[in-house]
Structure formats: structure tokens, C-alpha cells
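Colleague: Can you read through this structure? Questions will come right after.
The values are calculated or read from the model by the stated rules, or taken from the named source; none is laboratory data. These figures come from a predicted structure and were not determined experimentally. Note that each Cβ is placed from the backbone with ideal geometry, even for glycine, and that neighbours are counted across all protein chains shown. Side chains are part of the model used for accessible areas, which takes the heavy atoms of the whole protein and leaves out ligands, DNA and RNA. Shrake-Rupley method; radii C 1.70, N 1.55, O 1.52, S 1.80 Å.
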Amino acid sequence: MKNALYGAVLAFQFLTRVPLPIECPWNASTRRWALRAYPLVGLFIGALLWLFALAFDALALPAPIAALALLSLWVALGGGLHLDGAMDLADALGSNQPLARRLEIMKDPQVGSFGILALFFLLAWKAVLLWALVDIGAPALWFLIVPALARFAGAAMLVLSPCVQPSGLAYAFKRSLAPVDVALSLVPLLGVAFFYPPLLGWLAGALLFTVLFRAGVLRAFKGINGDMIGALIEGVELWLVILMWSWWWFATA
């Protein structure tokens, strides 16, 4: 039980900027529990987004302001960690360099033009889609499940994909993990699905994006690293918001 609690704390420390000044042991057991807690962290982020969305609706805030406030909270909770991964991946792919050089670019702390463009369009699309969802009165519950599904996708790709190099945090993390850890990380999502069955459909959409993304990065890099996990999380979130807006738009047209 103690390792499970330590693992949950590690997951929050890895994936959010929530201040948890607790020193946790870094061992195989806590790493496994940390991965199993990834969707729980997503549910925590989603719960805050859900509550704020309900509050903004009760206050009758204009849709653009509510959408920007939700996006700001979303980014702040994650501390830009996954956005950084998306920028690094964009710089590497946009360089058209050999594999070794692309990996060096991903490690470079400086951001290039492709990374800036990726950041701009990712946030712009997410902001506009949030605006649209708020404006049309889409279910606020959707904000609860999107971050959780995205972090489950990240956990699944980490466990089920080879690392591009035998070094780095992703490699150190992965050595302790097995497919059963991915299955156990599904438990909180299945709990939510018991009360909200449509979550299973959104899960299928997240997995479809994950399969395609994984195939793309394995073809380009022959493996994965932490930046790619972060980019996947951002990509799944945006993809799900697109799907949700599309479904609502066409279902209610």
C-alpha cells in the first residue's frame, strides 16, 4: 500500500505542477504504481476543468473568456511539460536530418521555428474548439475524461513501444513495466465508464490516434522517448476535442 501511495505521488510530480513536496523512493514497485496512476492524474486535471466549466456556465461568462480561462488552467496544471515534448518532436521532424541528428535536436533546450509553430497551432486549435464547445453548450463532463484518456494513451505507448535509446527517463521507467500495468491503469476509467458508458467510445477514438501516432514515430525514429509521450498526450487531447466538437455539431445539426 505504501508503494502504491508513493507511486501516485510520483505520477502527480511527473505529470503536473501540483506542489507535492514528498520525497518518494524510486524503485521498480513505485514506478509500476506511478504508471498505473497516470489516468488518475488525468481525472484530477479533468475534474478541475469540469468544475471550472460548470462555474463559468453558472456565472454566464462569455464563451471566449471561459474557453481561454479553461485552456490557461489546463496548461498551468501540466506546467507545459507535454507541450515541450510536442515542440521538441516538431523541431526534430521538421529538420529533415538523419536519425542521430534528429535525436540531438530533441535534446536541445532551445526551441526552433517548427516547435514554435507547433505550439501556436496546437494551442490555437484547442482554444477555438473549447470556445465552440462552450458556446454550443456541450456536456461539461467531457472535460473530465479527455485528460484521463490522453494520459492512459501515454502510459500504453510507453509500455508497448521500444525506446529509441537505452538511456533517459523513459527507458529507466520502462524497464520496470509490463502490459499488466497498462491493464491496471484502465481500472479508474472503467469505473467512470460504469456511470458514463460513452467514455468507451471516446477511449476507442483515443486508441485509434495512439496506434497511428505510434506507427508514425516508430517509422521516423525506430523507437520512442519521453518527448514523444508528451507529444502523444497533447495530440490525443486535441484529437478528442475535435471528435467531440464534430460529434456534437453533426448530431445536433
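Colleague: Leaving ligands, DNA and RNA out of it, rank GLU234, GLU104 by accessible area with a 1.4 Å probe, largest first.
Modeller: Numbers: GLU234 15, GLU104 105 Å².
Putting GLU234, GLU104 in descending order of accessible area: GLU104, GLU234.
Colleague: Which cross-chain or sequence-distant (5 or more) residues have an amide H under 5 Å from the amide H of CYS163, H modelled 1.01 Å from N in plane?
Modeller: Answer set, sorted by chain and number: ILE224.
Colleague: Test of understanding: what is the full-extension gain from SER246 to LEU190, defined as 0.36 nm times their sequence separation minus their Cα-Cα distance? Write out the running numbers ahead of the final one.
Modeller: Numbers: separation 56, 0.36 × 56 = 20.16 nm, distance 2.42 nm.
So the extension gain works out to 17.7 nm.
Colleague: I would also like to ask the following. Might you tell me the accessible area per residue for the chain, computed with a 1.4 Å probe and given in Å²?
Modeller: It amounts to 48 Å² per residue over the chain.
Colleague: Kindly write out, for the stretch 11-28 in residue order, the coupling ³J(HN,Hα) from the Karplus curve 6.51 cos²θ - 1.76 cosθ + 1.60 (θ = phi - 60°), rounded to whole Hz, with x marking Gly and Pro.
Modeller: So the J values, rounded to whole Hz, are 4, 5, 5, 6, 9, 9, 10, 5, x, 10, x, 10, 7, 10, x, 10, 9, 4.
Colleague: Here is a follow-up. Sequence neighbours fewer than 8 away in the same chain don't count; with that in mind, list the aspartates and glutamates whose C-alpha is under 20 Å from LYS2.
Modeller: Those aspartates and glutamates meeting the cut-off are GLU23, ASP181.
Colleague: Order TRP74, TRP248, most accessible first, counting only protein heavy atoms with a 1.4 angstrom probe. Write down the numbers at each step before the final one.
Modeller: Numbers: TRP74 15, TRP248 55 Å².
Result of the area sort, largest leading: TRP248, TRP74.
Colleague: Between PHE120 and PHE14, what is 0.36 nm times their sequence separation minus the Cα-Cα distance? Round to one decimal in nm. Present the calculation step by step, with values, prior to reporting the outcome.
Modeller: Values: separation 106, 0.36 × 106 = 38.16 nm, distance 2.39 nm.
My answer for the length gained is 35.8 nm.
Colleague: Could you work out [θ]222 nm for the chain from helices alone, using -39500 (n - 2.57) per DSSP H run of at least four and dividing by all its residues? Round to the nearest 500 deg cm²/dmol. Please report the intermediate quantities before stating the final value.
Modeller: Values: 13 runs with 196 residues, N = 253.
That comes out to -25500 deg cm²/dmol.
Colleague: If contacts are Cα pairs under 8 angstrom and at least 6 residues apart, what is the relative contact order of the chain in percent?
Modeller: On the way: 321 pairs, mean separation 70.1, N = 253.
That works out to 28 percent.
Colleague: Still on this structure, I have one more. Tell me the trypsin sites (Lys or Arg not before Pro) within the stretch 169-219 that lie in a loop according to DSSP and have at most 11 other beta-carbon atoms within 10 Å.
Modeller: Numbers: sites: LYS174, ARG175, ARG214, ARG219; in loops: ARG175.
Passing both the DSSP loop test and the Cβ count: ARG175.
Colleague: Now for a separate question. List the pairs from LYS107/LYS222; LYS174/LYS222; LYS107/LYS174 whose alpha-carbon separation is above 28 Å, in the order I gave them.
Modeller: Numbers: LYS107/LYS222 17 Å; LYS174/LYS222 16 Å; LYS107/LYS174 19 Å.
Correct reply: none exceed it.
Colleague: Can you list, bin by bin at 5 Å, the percent of alpha carbon pairs in the chain, starting at 0?
Modeller: With a bin width of 5 Å, the distribution comes to 1, 6, 13, 18, 19, 17, 13, 8, 4, 1, 0.
Colleague: On the full set of protein chains, 1.4 Å probe, figure out the accessible area of ILE242 and give it in Å² to the nearest 10.
Modeller: 60
Colleague: State the Cα centre-to-centre distance between the stretch 35-49 and the stretch 129-153 in whole Å.
Modeller: 13
Colleague: Any idea of TYR196's accessible area? Nearest 10 Å², probe 1.4 Å.
Modeller: 50
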